[in-house]
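Visitor: Just passing along the structure, written as structure tokens.
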């Protein structure tokens, strides 16, 4: 199995687009055993390799990949950021916290802000409670001219509310 896995992961760097697609689809079927070697490709200096790796992980809906997807929101390539956003959306509401935490660190690139807004909007469209919590953050991310110091406090407040709702903090006043 390791030999086949190594071959499939290696094919993600192939010049042949059909070979990459076939390897990507097979790796999705392999699932969890393929996650670690694919994650290692996320740090590749080759744009195409990063793209293939993030597309594969996004299709796997691998919860432990959430932090890697969040880091890729800063990728210089918009298509890699978009696929990372897809992966976060596919993971559902559990990715909201890591996305909000990523907004606490300045400076944020415009691409990161744009993709965080996209992810939070999509996740909120399917969950009213999450929409209520993240609305102030999405609202400031929508602003064209934005004082960077505005995002972090709103994200921090949303994280506190999210923690309260999910039971990670004691009830207010109690």
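Visitor: Give me D for the range 1-60 in µm² s⁻¹, whole number, from Stokes-Einstein with Rh from the Kirkwood sum over alpha-carbon pairs, 25 °C and 0.890 mPa s.
Guide: 224 µm²/s
Visitor: Related question: Using Cα atoms only, what is the angle between the long axis of helix 128-141 and the major principal axis of the chain, expressed in degrees (0 to 90) to the nearest 10?
Guide: 90 degrees
Visitor: Report, to one decimal in Å, the Kirkwood hydrodynamic radius for the chain based on all distinct Cα pairs.
Guide: For the chain, inverting the mean 1/r across all distinct Cα pairs yields 17.0 Å.
Visitor: Nearest 10 degrees is fine. How inclined is helix 110-125 to the longest principal axis of the chain, computing both from alpha carbons?
Guide: 80 degrees
Values quoted throughout were computed directly from the atomic coordinates according to the rules given, and no laboratory measurement underlies them. A quick note: this is a predicted structure, and the numbers were derived from the prediction, not measured.
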